[in-house]
Amino acid sequence: MSEESVGAGRASLEECSFSQAEEAPPRYRLVQPDGSYDEAAIPDLDVETHRGLYRWMVMQQVVDERMVKLQRRGEMGTYASGRGQEASIVGFAGALADDDWIYPYGREAAAMLIKGMSLRDLLLYWRGVEDANRFPNANVLPIAIAIGTHVPVAVGKAWGMKLDGADAVMGAMFGEGHPSTGEVQAGMNFAGVLDVPAVFYCQNNLYSISCPFEDQTGAKSVAQKALAWGLDGIRVDGNDILAVYDATRRARERALAGTPVILESVTYRLEAHTTNDDPSRYRTDEEVEWWRRREPMSRYRSYLEAEGLWDGIDEESIREECHETFDAAKAAADDFDPGGIDELFKWVYEETPPEVQRQYEAFEAFLEARPDAYDHIEERPKR
Amino acid sequence: MTQRTLVEAVNDALHTEMAQDDRVMVYGEDVAQQGGVFRATEGLLDEYGDDRVLDTPISEIAIVGSAVGLAIHGYRPVVEIQFSGFIPPAFNQLVQNASRIRWRTRGELSAPMVVRSPYGGGVRALEHHSESLEGAYAHIPGLTVVMPSTPYDTKGLLLSAIRHPDPVLFLEPKLVYRTFREEVPEEDYTLPIGEAAVRREGEDITLLSWGAMMHPTLEAAANLADDGLDPEVIDLRTIKPFDRETVVASIEKTGKACVVHEAPKTGGWGGELIATINEEALYYLEKPIERVAGFDTPIPMLAREDYYLPNPPRIEEGVKSVINA
């Protein structure tokens, strides 16, 4: 033991206090909303990387647009659009290394695609088909629908990676509502003890469905919570893709060096929480408009134009290609054979216990005896 | 052959498996340096080092949740929840992740892991330390719930649990952690999960129990036998999945049954057993089945807990009420 290990003694209550800041902490930003930037501060990325990032942002938009349309037509289940968060989503996943993992929470289609998930499987997932969660050749874990529950699991996975000596990080993704759960707090606290290679990536889009950030927590930021749990915190302007990309790379390095990081990307969802949500009930048109003027695509484009990198980008044909990719993925999803009713029963345990097997056989016999039961069974959504 | 207590059998199984499988990790609250509050993990830290044997923060969520992450990554975590009364914080992890990851991913990922926890009342522990909510855990699809009652079974079943391809909740009857010894082989052996043991063969009535309550049940059976009754006593050993064939065969023989568990009666696993007997062997039943169980109250603190727990006289009366019905 030493005095230092428990903290020095001081006759000043102020010096021995932690206080909430008056203002939200600053966000790391490289390109201003008006498109201006300081050349020296911008990370040196090659042209292909820029084009790749821009293409993925377009892909995110196309997927969101098409998924919502399919949902409206009854061909898709509930869907969570990432419109407005394209920079936040793509900047993070784009900066990860090939061997890194992500644990998504749903509003990050392009991140899952970047990490290797097939677009067909993304369609199948939102159509409610578990087979989408096989993730062949993708470093993606199944979407954490139960808020915050994935964070302790992500810590365990990162712990395993560390024990294996892997040169890779676990990127656990979540929204600003998740840290209100015990799961996130327990997981991050443990991460701080274990020093696992994890980047906890919070897309703070300011609303958890209808709950605004100031009603979610008394803290001025999510990133500051890192201190309580023994982690580092970084706050970034989530609508500036170059800032997100650079912050992610640096957070990743810290995590690999033994300090897990909460990376808070402050952004805004321009569309509804999901296709079942009506955001006009809880936020004003003026607010949405304020954020629309700060949306990330145009900011990135203005940077690319200023740098002379835009000339090689044909946005229209990129968008067209993305639509074609989506068309092909949809056709593949439509062709997916969901298998028989044994799919309900056979994945509960490696070896199906007798009772589960009996239930399966009884149900199969019942369906054979009473085919009119199919009148009451509809595999949704329509294909 | 060595004479071991039940908690020593737990320790023996952990040493046995850690020695031969590098993937096995043991962690939880106070399990490493201290060897566990019941000493179930004693000696593991010295033997296998702090990469594989660790003390954790006091967070059941972190313990069980991280075990899922390690398990899907290829490790074999055997974690301890210090008292079963503290499993509920980890319930979310058991429900959403541990039990479900295989099904969600169509078998691409699985969580072979063991959550060990001393359960039940009678040891004069503090409030919230004595719960017996196995029925709630057994209700979770994808989870396996093992509840041994003897040292020999404990070693064999714990080794099976650690090698099991899916998550196992291993509830240890702390009431009988040290009450008796029996021969436990030094060598590696396993007992099949899901197989009951007939502890006493008889013709007149089937007594069904598991874990700590096996002992008052066997005592009651002996007392009833002294009075001329011939009870059969079955130790379920695994409650999910349970050994339906052994239970049904016994009912077909005796035509009568009494279930004994310390968990609250309503919604307890006894109800599930009786429902199964009704499905499979109703026409063999000569009398209504009786349940001798904990009351539908929280288990009391140490001063009053003995009122709550089934004891041989209560079990005997339960059996008589079946016979005399």
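Throughout, read-outs are computed from the coordinates displayed, never taken from laboratory work. Since the model is a prediction, treat every value here as computed from it, not as a measurement. Glycine also receives a Cβ, built like all others from the backbone with ideal geometry; neighbour counts cover every protein chain displayed.
If you take the charge dipole of chain A about its Cα centre, with +1 on Lys and Arg Cβ and -1 on Asp and Glu Cβ, which of A:Ala186, A:Gly218, A:Gln61 is farthest toward its positive end?
A:Gly218
Could you work out Rg/(2.2 N^0.38 Å) for the range B:59-131, with Rg from alpha carbons only? Working shown, then result.
Details: Rg = 13.5 Å, N = 73, 2.2 N^0.38 = 11.2 Å.
With N residues counted in the range B:59-131, Rg over 2.2 N^0.38 Å equals 1.20.
Distance between the C-alpha centers of the range A:213-282 and the range A:58-124? Whole Å please.
One Cα centre to the other: 18 Å.
What average number of partner chain Cβ atoms lie no more than 10 Å from the Cβ of the residues making up A:349-358? List each step's numbers first, then the result.
Details: counts 14, 7, 5, 1, 8, 6, 6, 3, 0, 2.
That average works out to 5.
Under 1.5 on a/c is rounded, so check that first for chain A, then, if it is not, pick prolate when a/b is larger than b/c and oblate when it is not; a ≥ b ≥ c are the square roots of the alpha carbon gyration tensor eigenvalues.
Working: a/c = 1.84, a/b = 1.31, b/c = 1.41.
Oblate, because a/c is 1.5 or more while a/b does not exceed b/c.
Across the residues of B:273-286, average count of Cβ atoms on other protein chains within 10 Å? Mind showing how you got there, number by number?
Details: counts 0, 0, 0, 1, 0, 0, 1, 0, 0, 0, 0, 0, 0, 0.
Taking the mean over all residues of the peptide, I get 0.
Run the Debye formula on the Cα coordinates of the protein assembly as shown, all scatterers equal and no solvent, and tell me log10 I(q)/I(0) at q = 0.05 1/Å.
Each listed q corresponds, in turn, to -0.30.
How long are the semi-axes of the ellipsoid equivalent to the range A:327-383, from square roots of 5 times the Cα gyration tensor eigenvalues, in whole Å, largest first? Kindly include the intermediate steps, with their values, before the conclusion.
Numbers: eigenvalues 136, 65, 10 Å².
Equivalent-ellipsoid dimensions as semi-axes: 26, 18, 7 Å.
Return the average number of partner chain Cβ atoms within 10 angstrom of each residue Cβ along peptide B:98-105.
Details: counts 1, 2, 4, 4, 4, 8, 9, 9.
For peptide B:98-105, the averaged partner shielding equals 5.
Above 20 angstrom, tally the Cα pairs of the range B:199-273 and express them as a % of all pairs, no decimals.
25 percent
Looking at the protein assembly as shown only, what percent of DSSP beta bridges run antiparallel? Nearest 5 please.
Details: 11 of 67 bridges.
Counting only bridges with both partners in the protein assembly as shown, antiparallel ones make up about 15 percent.
Run lengths n ≥ 4 of DSSP H only: what is the helix-derived mean residue ellipticity at 222 nm for the protein assembly as shown, with -39500 (n - 2.57) per run over all residues, to the nearest 500? Could you put the intermediate results ahead of the total?
Numbers: 27 runs with 280 residues, N = 708.
Rounded to the nearest 500, it is -12000 deg cm²/dmol.
Once the Cα atoms of helix B:214-226 and of chain B are each reduced to a long axis, what angle between those two axes, in degrees from 0 to 90 to the nearest 10, is obtained?
Around 20 degrees separate the two axes.
Quick one: of A:Lys115/A:Lys330; A:Lys115/A:Lys220; A:Lys157/A:Lys330; B:Lys287/B:Lys320; A:Lys162/A:Lys346, which pairs are farther than 22 Å apart, Cα to Cα?
Values: A:Lys115/A:Lys330 19 Å; A:Lys115/A:Lys220 31 Å; A:Lys157/A:Lys330 32 Å; B:Lys287/B:Lys320 11 Å; A:Lys162/A:Lys346 33 Å.
With Cα atoms farther than 22 Å apart: A:Lys115/A:Lys220; A:Lys157/A:Lys330; A:Lys162/A:Lys346.
Two decimals is fine: what's Rg over Rh for the range B:189-325, C-alpha atoms, Kirkwood radius as Rh? Display every interim value, and only then the final one.
Details: Rg = 14.2 Å, Rh = 14.9 Å.
Rg/Rh: 0.95.
Give me the distance in nm between label points sitting 7 Å out from Cα along the Cα-to-Cβ direction at A:Ile209 and A:Phe336, one decimal.
For A:Ile209 paired with A:Phe336, the spin-label model returns 2.6 nm.
List the lysines whose Cα lies under 28 Å from the Cα of B:Lys155, skipping any in the same chain that are fewer than 8 positions away.
B:Lys174, B:Lys240
How much FRET efficiency would the formula 1/(1 + (r/R0)^6) give for B:Glu280 and B:Gln3, where r is the Cβ-Cβ distance and R0 is 51 Å, rounded to 0.05? Can you show the working numbers first?
On the way: r = 39 Å, r/R0 = 0.77.
The calculated FRET efficiency here is 0.85.
For the range B:2-184, which semi-axes, largest first and in whole Å, follow from the square roots of 5 times the eigenvalues of its Cα gyration tensor? Present the calculation step by step, with values, prior to reporting the outcome.
Numbers: eigenvalues 106, 71, 49 Å².
So the three semi-axes of the range B:2-184 are 23, 19, 16 Å.
State the Kirkwood hydrodynamic radius of the range A:28-128 in Å, one decimal place, computed from all pairs of distinct Cα atoms.
14.9 Å
Peptides A:165-172, A:133-140, A:284-291, B:278-285: what's the order by average Cβ count within 10 Å, highest mean first?
A:165-172, A:133-140, B:278-285, A:284-291
For the range B:312-325, take each phi angle, set θ = phi - 60°, evaluate the Karplus expression 6.51 cos²θ - 1.76 cosθ + 1.60, and give the result in whole Hz per residue in order, putting x for glycine and proline.
Couplings: x, x, 5, 5, 4, 5, x, 5, 5, 5, 6, 4, 8, 5 Hz.
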